Amino acid sequence: MKTVIVFESMFGNTERFAREMVRGFAGVGHQVALVDVRHVRPEDVQECDLLVVGAPPTRSR
């Protein structure tokens with residue numbers, strides 16, 4: 001199964017969590033790609049079986 005994890009991280013916390021997810025998915029046999037949202041291209045997510053997107057929470061004021 002091809003999994004793509006796209007993340008946005010302001011202070012590194014979301015990126016660390018995304019990297020842990022890579023380890024978890026790879027541990028159960030997934031082919032995993034980790035991509036920073038600033039560098040994601042359409043071909044990065046084409047034909048993936050699972051797309052995971054993570055970003056820091058926003059605060060309303």
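For segment 46-61, name all the residues that are among the charged types (D, E, K, R) and free of Cβ contacts under 8 Å to residues at least 40 places away in the same chain. Outline the logic, then answer.
Going residue by residue through segment 46-61, those that are among the charged types (D, E, K, R) are 47, 49, 59, 61.
Listed by number, the residues that qualify are R59, R61.
Which one is surrounded by the fewest Cβ atoms within 10 Å (Cβ to Cβ) among residues in segment 26-37 that are at negative phi and in a loop (DSSP other than H, G, I, E, B)?
First pass over segment 26-37, keeping only residues at negative phi: 26-28, 30-37.
Filter once more, keeping what is in a loop (DSSP other than H, G, I, E, B): 28, 30, 37.
Working: V28: 8, H30: 17, V37: 13.
The qualifying residue surrounded by the fewest Cβ atoms within 10 Å (Cβ to Cβ) is V28.
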- Of these, V53, V40, V22, which one is part of a strand (DSSP E or B) and either under 15 Å from F7 (Cα atoms) or at pLDDT 95 or above (or both)? V53
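Look at segment 25-45 and say how many of its residues are without any contact (Cβ under 8 Å) to a residue 40 or more places away in the chain, in contact with a strand residue (DSSP E or B) (Cβ under 9 Å, 6 or more places away or on another chain) and not acidic (D, E).
Number of matching residues: 11.
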- Of all residues in segment 1-19, which are exposed (fewer than 13 other Cβ atoms within 10 Å of the Cβ) and either assigned to a strand (DSSP E or B) or of a type in the set (A, V, I, L, M, F, W, C) (or both)? M1, M10, F11
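The values are calculated or read from the model by the stated rules, or taken from the named source; none is laboratory data. It should be emphasised that the depicted structure is a prediction, and the values quoted were computed from it without experimental measurement. Ideal geometry is used to build each Cβ from the backbone, glycine not excepted, and the neighbour counts take in all protein chains shown.
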